[in-house]
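Handing you a structure now.
Rule-based calculations on the coordinates, nothing more; no lab input. Nothing here was measured: the structure is a model prediction, and the numbers come from that model. Don't worry about glycine lacking a Cβ; one is built from the backbone with ideal geometry, like all the others, and counts go over all protein chains shown.
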Amino acid sequence: MELFVGIDVAKDRLDICVRPSAETFAVTRDGEGLERLVGRLHALTPVLVVMEATGGYEAVAASALAMTELLYLALDERQQVRVDRIGVGRWHAMRKILVALERAVFQQLRR
């Protein structure tokens with residue numbers, strides 16, 4: 001089963017939800033919490049991790065994820081997408097998929 005992970009970013013903590021299993025957990029937004037997050041995500045091997053971009057608070061989590069082979073997106077409330085772990089050549093192939101994903105994510109958030 002393909003798993004997808006959503007991360008809600010706050011100043012002191014990250015709330016994580018795994019789909020379609022609906023598993024949830026939270027970690028602190030510090031070194032220990034980020035190690036725990038990376039360990040859990042490594043074990044889950046999700047297809048994609050989508051993270052809320054919140055005033056720079058996501059940078060610490062994005063840095064931790066950048067050390068892995070996980071594909072992740074940081075989305076902000078203006079519906080802008082920052083993609084990491086995709087090479088330039090793959091970006092063009094992924095563009096249509098990412099646009100569709102962005103629309104689907106924000107449609108769900110608006111409900």
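Each residue of the stretch 21-31 in turn: what ³J(HN,Hα) in whole Hz from Karplus with 6.51, -1.76, 1.60 and θ = phi - 60°, glycine and Pro shown as x?
Each residue's phi maps through the Karplus curve to give 5, 6, 5, 10, 7, 9, 9, 6, 8, 9, x Hz.
Might you report the magnitude of the Cβ-based charge dipole of the stretch 1-83 about its Cα centre, with Lys and Arg at +1 and Asp and Glu at -1, to the nearest 20 debye?
It works out to roughly 60 debye.
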